[in-house]
Amino acid sequence: MSDSSGAMIEAIGLSKDYGLFAATQNISFTVPRGQVAAFLGPNGAGKSTTMKLLTGFLAPTTGVARIGGFDVSTDRLKAAEILGYLPENGPLYLEMTPSEILKFLGSARGMSGNHLRERLDFVAGKCSLEGVWGKPIGKLSKGYRQRVGMAQALLHDPQVLILDEPTSGLDPNQTHDVRELILSLAKTKTILLSTHILQEVSAVCSRVILINEGRLVLDGTVEDMQQGGHGMEARFRELTGAGKK
Ligand code: ADP
């Protein structure tokens, strides 16, 4: 059932084993409606794995993921209707143009006619894709590919966005543009975004979820992450053990 007030993203005891390796272990958190939460952790901590579990792209070994109250395993289509996902590696169809891939994905989501045209215009403008609308994705820069990924995540106007490193590999101007885009989306949507850039967290997010070696190590406010007055970087190192090595 959709939850009209409370949790829009729920991880309930999510564990994922790859063979004998436990990539995530018993991860639980919720993101309430309207919140923008940062999902942090060192490389290999299990962020992308958790995001794939939350979006239903991977099945958990144990645990449950819900989007808007819908279990992503048993109510996959209902969850997908309200979820936009930017995966870690961006759009895969390198020979297609943004126009072709977005029309294709829109049709696959049951959109057509004026509604689809309006949404295509909207995402093309919002993600500044007009200049590359007819160019093969394989010929686009990393920054533009990332924008195509964002456009695909936004196409059906979902209430919830799960964004796996939306600013990775972008230059400072592109990073600024994507941050502004996320801030404009934050007014109406619930967002979980992973990032390596700690300055980004206070610029965009009010909440921090930090994992290390597959386990949750902090779930709190941006202020909690700055505890002790040493700044976010020191706290990150303290909680993820990097400072001890
Ligand atoms: P992060 O996004 O935090 O960098 P990932 O979720 O990508 O971390 O990876 C978590 C751990 O799981 C890493 O040690 C990674 O090597 C491993 N891993 C990820 N995907 C697979 C897979 N398909 N098979 C085996 N190990 C994997």
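For Thr61, the residues 5 or more places off, or on other chains, whose built amide H falls under 5 Å of its own are Ser15, Lys16, Asp17.
Annotation for Glu238 and Lys187: the two label points, set 7 Å from Cα along the Cα-Cβ direction, are 3.7 nm apart. Computed 3J(HN,Hα) for the range 52-68, one whole-Hz value per residue from the Karplus formula 6.51 cos²θ - 1.76 cosθ + 1.60 where θ = phi - 60°, is 5, 5, 5, 8, x, 6, 10, 8, x, 5, 9, x, 9, 10, 10, 10, x, glycine and proline marked x.
Across the range 197-205, computed HN-Hα scalar couplings (Karplus, 6.51 cos²θ - 1.76 cosθ + 1.60, θ = phi - 60°) run 9, 5, 4, 4, 4, 6, 6, 10, 10 Hz from first to last residue, x flagging Gly and Pro.
Among Pro98, Pro42, Pro166, the largest mean-square fluctuation in a Gaussian network model of the chain, built with springs joining Cα atoms closer than 10 Å, belongs to Pro42. Sorting Ile67, Ile12, Ile162 from the fewest to the most surrounding beta carbons within 10 angstrom yields Ile12, Ile162, Ile67.
With the convex hull of its Cα atoms as the shape, the range 31-118 has an orientation-averaged projected area of 7.7 nm².
Projected label points at Asp17 and Asp224, each 7 Å from Cα along the beta carbon direction, are separated by 3.0 nanometres.
Gaussian network model of the chain, Cα springs within a sub-10 Å range: biggest mean-square fluctuation belongs to which of Lys187, Lys52, Lys16? In this elastic network of the chain, the residue with the biggest mean-square fluctuation among Lys187, Lys52, Lys16 is Lys187.
Springs join every pair of Cα atoms under 10 Å in this Gaussian network model of the chain, and among Arg207, Arg145, Arg109 the largest mean-square fluctuation is at Arg109.
Counting only the Cα atoms, the range 93-157 fills a convex hull of 70 Å³ per residue.
With 18 Å as the limit, write out which pairs from Lys16/Lys52; Lys16/Lys47; Lys16/Lys142; Lys126/Lys189 have Cα-Cα distances beyond it, or answer none.
Those over the limit are Lys16/Lys142.
In this calculation the C-beta distance from Lys135 to Ser107 is compared with R0 = 22 Å, giving a FRET efficiency of 0.60. On the basis of the beta-carbon distance and an R0 of 45 Å, Ser28 and Asp121 show a calculated FRET efficiency of 0.65. Pairwise Cα distances in the chain exceed 23 Å in 50 percent of cases. With both labels modelled 7 Å from their Cα along Cα-to-Cβ, the Thr62 to Ser168 distance reads 2.9 nm.
With the helix formula -39500 (n - 2.57) applied to DSSP H stretches of n ≥ 4, the chain reaches a computed 222 nm mean residue ellipticity of -10500 deg cm²/dmol. Taking Lys and Arg as +1 and Asp and Glu as -1, the other residues whose beta-carbon sits under 9 Å from that of His156 total 0.
The numbers here are math on the coordinates, done by the rules we state, and not lab data. Here the structure is a predicted model, which is why all the values come from computation and not from measurement. Note that each Cβ is placed from the backbone with ideal geometry, even for glycine, and that neighbours are counted across all protein chains shown.
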